[in-house]
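The values are calculated or read from the model by the stated rules, or taken from the named source; none is laboratory data. These numbers come from a predicted model, not from an experiment. Glycine gets a Cβ as well: all are built from the backbone with ideal geometry, and neighbour counts include every protein chain shown. The area values use the complete protein model at the heavy-atom level, side chains included, leaving out ligands, DNA and RNA. Shrake-Rupley method; radii C 1.70, N 1.55, O 1.52, S 1.80 Å.
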Amino acid sequence: MPRRKPRADRRAGPSAGGGFGDVFGRTEPGPDSDDLYTVRTIPGSRAIKTYRCPGCDHEISPGVAHIVAWPAYGGEDERRHWHRGCWNGRQTRRITRRWS
């Protein structure tokens with residue numbers, strides 16, 4: 001029996017990474033679970049510099065899609081670039097590098 005094609009309204013939306021919420025940033029709990037962070041997804045085509053992920057302390061190479069997160073209230077100068085997997089696992093492990 002053939003599979004049904006998913007409905008269009010289920011594919012689009014904030015949970016699928018689409019919609020306007022990700023363009024301007026969405027709000028999620030941060031690594032400490034106490035603070036709210038503004039989170040944006042950076043596609044690989046827009047990633048042109050090398051960054052260091054605070055979750056694993058490895059480099060994020062140019063051309064690799066990743067997440068940019070910063071404290072939601074007045075912390076835009078504290079932007080950090082994370083691997084997507086490191087950001088998704090931020091609740092189960094500690095940040096490896098503290099920025100001063």
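If you filter region 64-74 down to residues that are assigned to a loop (DSSP other than H, G, I, E, B) and touching a residue at least 12 places away in the same chain (Cβ under 8 Å), you find that the one that is most open to solvent (accessible area, probe 1.4 Å) is 73. Checking the stated criteria, residue 58 turns out not to satisfy the condition of being touching a Cys at 6+ places or on another chain (Cβ under 9 Å) and modelled with pLDDT of 95 or more.
Note on region 44-63: residues that are without any contact (Cβ under 8 Å) to a residue 24 or more places away in the chain and open to solvent by 60 Å² or more (accessible area, probe 1.4 Å) amount to 7. The conditions are (1) free of Cβ contacts under 8 Å to residues at least 40 places away in the same chain; (2) open to solvent by less than 30 Å² (accessible area, probe 1.4 Å), and residue 40 fails exactly one of them. Which is it? All conditions are met except number (2).
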